[in-house]
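Encoded as structure tokens, the structure appears first; notes follow it.
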Amino acid sequence: MPGSPRTDVGGRAGSPLRLGSMRALVLVFWLLSPATVVGGEAPGLRPIGAGSVPVSHIHASAWFVQAADQSTKRLTLVVFLEGTPGWHTKTPDFRWNTGDTMATINMNVGQTPIQVAYRSDTRGVRILDRAFTLASDNVYLVSGIDGPAPVVKGMGVHDLAFEPKDNPAVALLARNALVRNALIGESPEGAAKGPPRAPADLTALDRQGIELLRKGGAENDRAACELFRKAAARGYAPAQYRLGYCYEAGRGVDQDLLAAHQWFRKAADQDQVDAQYKLAYCFRVGLGVVADSTVALSWYIRAGENGDAEAQSVLGYMHATGQGVRVDPARALAWFLKAAENGMPAAQLEVARRYRDGDGIAQDLTSAYQWLVILLADPDVSAAKNRGPADEFIRSVESRLDEGSRARAVATAHQFCRAYARRYIEKLGR
């Protein structure tokens with residue numbers, strides 16, 4: 001049901017594949033599966049595999065793998081590809097080869113051909129027939145990839161070593177301001193600034209605890225909880241939320257829903273959005289507290305006003321069905337719109353339906369079509385096996401619009417997707 005409990009102990013803000021407030025790793029769409037294909041050890045800089053993955057509504061990526069084992073993954077080069085919103089949702093044909101001296105990627109995404117080649121003997125790079133050298137650039141950006149005249153730009157030499165579990169393209173954007181801002185046309189000095197960072201020792205405790213929980217096992221769980229407790233005792237809200245999770249789930253400590261609630265409340269009072277959402281859910285269903293839809297609504301509102309797309313979507317359903325508040329279709333649409341603007345696919349579909357049906361607003365087929373175009377430009381949604389209803393929905397609305405209305409809807413949708421991709425990439429560095 002809408003408003004399901006949160007069990008991602010890492011939280012969701014700034015997670016690798018999350019757009020806006022979407023949960024991390026929900027529907028990962030790899031153009032090559034697995035993303036890294038490796039063979040035996042190779043001398044020098046000779047690639048041993050290749051991979052590719054969408055990054056945002058307008059960006060994808062491709063790379064050569066130089067080495068990979070249980071401790072690290074090292075790439076030879078990375079190419080970011082930027083095109084029209086949704087260009088990379090077409091069925092891909094990814095082919096790669098590594099010879100004695102030549103490594104190649106030949107990829108077609110729909111009708112868009114992409115070629116990348118690297119010679120290990122000369123360190124020469126060719127991207128769409130443009131020549132470069134690895135001595136000058138190991139990260140590249142191709143703009144207008146699906147247009148008539150793509151532009152290829154080298155972005156310098158950067159560290160391309162990653163954790164084995166990393167999505168290399170997203171991890172590189174998260175840690176490298178120069179590359180991140182090149183994709184959005186912004187200088188590092190002009191990039192959007194996030195909230196002040198917490199002391200490094202607290203974030204380190206929290207990060208170590210997350211890694212231990214992800215490894216699993218009773219000893220790791222106990223050690224993780226102690227790390228969270230140390231940071232939580234010093235007022236670090238993310239660790240307070242995660243300690244609450246440990247008590248709720250009984251991981252590393254005896255299950256204690258009252259203690260979980262107390263830690264969630266400490267974090268929520270500091271505007272920790274996952275804790276605010278969790279408190280809302282607990283009051284909505286009576287988890288560790290007496291169910292109270294009015295109190296649940298107040299916490300969902302705090303989380304929603306704090307930018308949480310899932311909370312905003314739940315608020316739409318609560319106003320639509322009269323949970324803790326009177327039925328108000330117009331207010332429901334307002335909250336669904338906020339969630340849709342924050343990248344929540346279910347809310348985007350609901351907004352489109354309401355515009356189509358005139359539910360809470362005057363019927364507006366152009367706006368309905370616009371939100372369906374946005375929805376299907378999301379690579380996660382386009383990769384989903386159950387996207388059939390959305391395809392049928394967009395065809396039914398499209399058939400009722402004239403060519404001019406469809407063109408205006410597409411133009412507005414693409415403008416939104418570009419702005420949304422920019423916001424997502426900016427947030428990766430926070």
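Shape of region 198-270 from its Cα gyration tensor (a ≥ b ≥ c, root eigenvalues): rounded if a/c is under 1.5, otherwise prolate when a/b > b/c, or oblate?
On the way: a/c = 2.31, a/b = 1.06, b/c = 2.19.
Oblate shape, in that a/c is at least 1.5 and b/c is the bigger or equal ratio.
I need the peptides 111-118, 302-309, 92-99, 165-172 ranked by packing, meaning the mean over residues of other C-beta atoms within 10 angstrom, with the highest value on top.
Working: 111-118: 18.0, 302-309: 21.5, 92-99: 15.9, 165-172: 20.0.
Descending packing order for the listed peptides: 302-309, 165-172, 111-118, 92-99.
Given a 10 angstrom Cα cut-off, can you work out which residue in Phe162, Phe80, Phe64 is the most mobile in a GNM of the chain?
Sorting by GNM fluctuation, first place goes to Phe162.
Let me see the P(r) profile for region 64-211: every Cα-Cα distance counted, bins of 10 Å, each bin given as a percent of all pairs.
9, 33, 37, 15, 6, 0
If I take R0 = 51 Å and measure r between the Cβ atoms of Arg130 and Asp391 in this structure, what FRET efficiency does the formula 1/(1 + (r/R0)^6) give, to the nearest 0.05? Walk me through the numbers before you get to the answer.
Values: r = 36 Å, r/R0 = 0.71.
The computed FRET efficiency comes out at 0.90.
Counting Lys and Arg as +1 and Asp and Glu as -1, what is the net charge of the other residues whose Cβ lies under 10 Å from the Cβ of Gly250?
Working: positive: Arg251; negative: Asp221, Glu248, Asp254, Asp256.
Charge balance in the 10 Å sphere: -3.
Could you tell me the relative contact order of the chain? Use alpha-carbon pairs under 8 Å, at least six residues apart, and round to a whole percent.
Values: 828 pairs, mean separation 63.1, N = 430.
Normalised by residue count, the contact order of the chain is 15 percent.
For a paramagnetic label modelled at 7 Å from the Cα of Arg326 toward its Cβ, which residues of region 281-319 fall within the zone defined by backbone nitrogen distances under 19 Å?
293-295, 297-298, 316-319, by backbone N distance to the label point.
Can you pull the semi-axes for the chain, root of five times each eigenvalue of the Cα gyration tensor, sorted largest first, whole Å?
Values: eigenvalues 291, 194, 56 Å².
Whole-Å semi-axes of the equivalent ellipsoid: 38, 31, 17.
Placing +1 on the Cβ of each Lys and Arg and -1 on the Cβ of each Asp and Glu in the chain, which of Gly154, Ala330, Thr366 has its Cα farthest towards the positive end of the resulting dipole?
So the residue we want is Gly154.
Using 7 Å Cα-to-Cβ label points, what is the Asp100/Glu305 separation (nm, one decimal)?
The two pseudo-label positions are separated by 7.0 nm.
Residue separation times 0.36 nm, minus the C-alpha to C-alpha distance between Arg222 and Glu163: what's the value? Could you put the intermediate results ahead of the total?
Working: separation 59, 0.36 × 59 = 21.24 nm, distance 2.42 nm.
Taking 0.36 nm per residue and subtracting the Cα distance, the gain is 18.8 nm.
Put +1 on the Cβ of each Lys and Arg and -1 on the Cβ of each Asp and Glu in the chain; which of His414, Leu243, Gln255 then has its Cα farthest toward the positive end of the dipole?
Result: Leu243.
Before rounding to the nearest 500, sum -39500 (n - 2.57) across all DSSP H runs of length at least 4 in the chain and divide by the residue total; then give [θ] at 222 nm in deg cm²/dmol.
Working: 15 runs with 193 residues, N = 430.
Taken over the chain, the calculation gives -14000 deg cm²/dmol.
Only the coordinates and a few stated rules stand behind these numbers; no lab work does. As the structure is a prediction and not an experimental result, all values here were calculated from the model. Note: ideal-geometry Cβ built from the backbone for every residue, glycine included; neighbour counts use all protein chains shown.
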